[in-house]
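Engineer: Below is one structure. I have some questions about it.
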Amino acid sequence: MGNKSDKLKKARKRKEFKKMIWLWVWVMVAYAIFARVALVLIEKEVAIDSKNQWNLGWAILAMEFLHFGLSFKRIGPTSLGAVLVFGRPIYQVKSGLVYVPFIVCQLSRDGKNVVPVQFPAVPERVDKSGDDTKPVAPGFVKPIRVTTASRDMLSDEYKAKLDKNDDFKKHPLNEMMTLEPSVFVRYQRRSDDYISFLSNIGNDEKAIIAMRDTVDAVLRIEFAKRTPALIIMEQDEINKILLEKIEILVGEKPDPKHLDSFNPEESWGINILNVQLTDVDITKAINVSLRDIIDSQLRKRVTVKDAEAKKEARGLEGEGENKFETEKGKGVASARLDFLNAEATGLEKIAKVAQTEEGKLAVVAKVAEQGLKGSQYSIVPDGATSIVAGIMETLKKIKSRDEFDKKNTDADSKPKTGGKK
């Protein structure tokens, strides 16, 4: 394909060169003829006026020199130029001073710069009112409106893409909607094939109209295959399809379905630099609905998070209370055990004391004292405690005297040794 295009370009250049030579030959011949006629008229002194002050021959020579001077044109370094004969492109010229025969030929100029164009127009010039019953204001255009598919209308190929993620499948943007997309195209005229641009398309206005029709057709086909969510997710794929279709339109590449019909000579002579779906532009009403849905979902998530946090906090609090009560119970049980051990030890000691007569009397007296302290009314006269204490003191003396008597008795019962008989 590349070799064929190169051969065609070289053949076209040779044709242009031949056309340029023939034009120059005819111009030089015309100049020579007019110059010869002028010289004859000068010799014969053919005058224009009755007083013979203006010679016709000199007038013809003056017009010939004027024509030659007016035939030079200038082409800037950022411009493309071509010579046209009565509106027909003949050959391309380079930047600088070029000769373009006045009246007979014209010079066509266009820039080498990149041409950006946005469909349907720049955002500031698109009528978004949504009222189709009224004509748009001067300088404004209507948006491109394209209807998408819903999740139930998808083919098996696109359903498989949607089914990969349950949350994505349930997204509200998977319903049928009417979108207002915008497409941005950048192209550049080829500096080596400006003649094709002039011959096959003519000017930028016609090129842009044809591109707009192709963009509309591609968007309607591709959007009808996808839901809005899939369109957003597959913008790169749609951009590739748009680029391919526009390259086929301008003759930069053949149509895979019609390879036999491809003719490089029908190329527009432009390079498509990039095509991009800049925005799907969901309508205001849908945006408001989506905003409400998202707000509701966010509020639901916040509520769930708060509930989960409170539940977790309550669980932690309950765990802390249980731990506290457990530790508290262990402490109380330990203290109670210590108390019972002490009490048992005390009771054991009391029991030992209670084996004696004095201990029994002391226990009875102590119990009586504690009972009297706790009672609201008492029939025991004051000083009962001192009486009991006196009794206990008397018992102690009795015990001491009994022990003394016992010791003396034991001493008397022992035999005496070492004395006289």
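The values are calculated or read from the model by the stated rules, or taken from the named source; none is laboratory data. If you're wondering where the values come from, they're calculated on a predicted model, not measured in any experiment. Every residue, glycine as well, gets a Cβ built from its backbone with ideal geometry; the counts of neighbours run over all protein chains shown.
Engineer: Outside any helix (DSSP H, G or I), touching a helix residue (DSSP H, G or I) at 6+ places or on another chain (Cβ under 7 Å) and in contact (Cβ under 8 Å) with a residue 60 or more places away in the chain, is that true of I195?
Structural biologist: no
Engineer: If you take the residues of segment 246-278 that are of a type in the set (D, E) and within 19 Å of I208 (Cβ to Cβ), which of them is modelled with the highest pLDDT?
Structural biologist: E247
Engineer: What are the residues in segment 148-160 that are loosely packed, with under 12 Cβ neighbours inside 10 Å and not charged (D, E, K, R), if any?
Structural biologist: S155, A160
Engineer: With out of contact with any Ser or Thr (no Cβ under 9 Å at 6 or more places or on another chain), more than 20 Å from V280 (Cβ to Cβ) and in a loop (DSSP other than H, G, I, E, B) as the only criterion, which of K159, K134 stands out?
Structural biologist: From the options K159, K134, the qualifying one is K134.
Engineer: Residues in segment 175-185: is at least one in contact (Cβ under 8 Å) with a residue 12 or more places away in the chain, over 23 Å from I272 (Cα atoms) and touching a helix residue (DSSP H, G or I) at 6+ places or on another chain (Cβ under 6 Å)?
Structural biologist: yes
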